[in-house]
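Trainee: Below is a structure I'd like to ask you about.
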Amino acid sequence: MIPITGRIVTTALLLGALLAPAGTAAGEVAAPVTTGAVFNDPQGTTARKNAVKDHIIGAVNATQSGRTIRAALYALADQDYADALIAAHDRGVQVRVVLDSKYADRSAARNVRTALGGDTADGYLAHSKYLTVEGNYAGHPDTKWTFTGSHNLDHSSLRENDEALLRLEGAAPHDAYKRNFLDMRAVATPVG
């Protein structure tokens with residue numbers, strides 16, 4: 001039997017490994033494969049400033065053809081994120097997006113709307129910030145992932161603010177967010 005002190009240390013180490021933000025080298029896009037949290041560090045290195053953005057783009061890039069991404073976005077102004085969604089769509093991923101109509105005229109949002117056409121909708125007030133991935137993801141077959149946090153997809157949120165991203169594996173959170181997405185999409189105005 002492990003003494004109580006040993007169990008506390010073991011639990012703390014496991015929890016730390018689970019919740020510690022994964023670091024990425026400059027220019028490297030991380031594909032998260034565990035449930036946990038990621039935080040931007042506006043005072044840190046470029047990699048730490050981009051931690052949330054790199055994980056979101058890593059999730060999009062790791063989604064395989066024939067699978068589904070659903071994104072509910074308040075502000076889509078980051079072209080790198082838009083390019084990742086467009087590339088996923090081009091390689092056969094079903095990409096569905098609900099955008100807040102207040103920010104739908106931003107260049108990155110317009111580019112996504114043009115590429116996806118009818119797969120986007122302008123919401124009356126889509127203040128949510130999440131992305132779900134359904135299917136084979138990052139080498140894991142038939143998984144369901146949810147990425148949600150405090151960040152908007154604009155320069156200050158993705159690089160300059162102290163933002164948080166929570167990544168969750170499992171059907172329960174994914175299916176709850178999927179229902180929310182479908183509810184928003186049902187009242188949003190289709191584009192294209």
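Every number in this text was worked out from the coordinates using simple rules, so none of it is lab data. Because the structure is a prediction, the values reported are computed rather than measured. Methodologically, a virtual Cβ is constructed for each residue, glycine included, from the backbone with ideal geometry; neighbour enumeration extends over all protein chains shown.
Trainee: In the stretch 74-98, which residues have a backbone nitrogen under 12 Å from the label point lying 7 Å from ASN111's Cα in the Cα-to-Cβ direction?
Mentor: Counting backbone N atoms under 12 Å from the label point, the list is 77-87.
Trainee: Which order do ILE69, ILE56 fall in if you start with the one that has the fewest other Cβ atoms within 10 Å?
Mentor: ILE69, ILE56
Trainee: For SER101 and THR35, FRET efficiency with R0 = 45 Å and r from the beta-carbon atoms, rounded to 0.05?
Mentor: It comes out at approximately 0.90.
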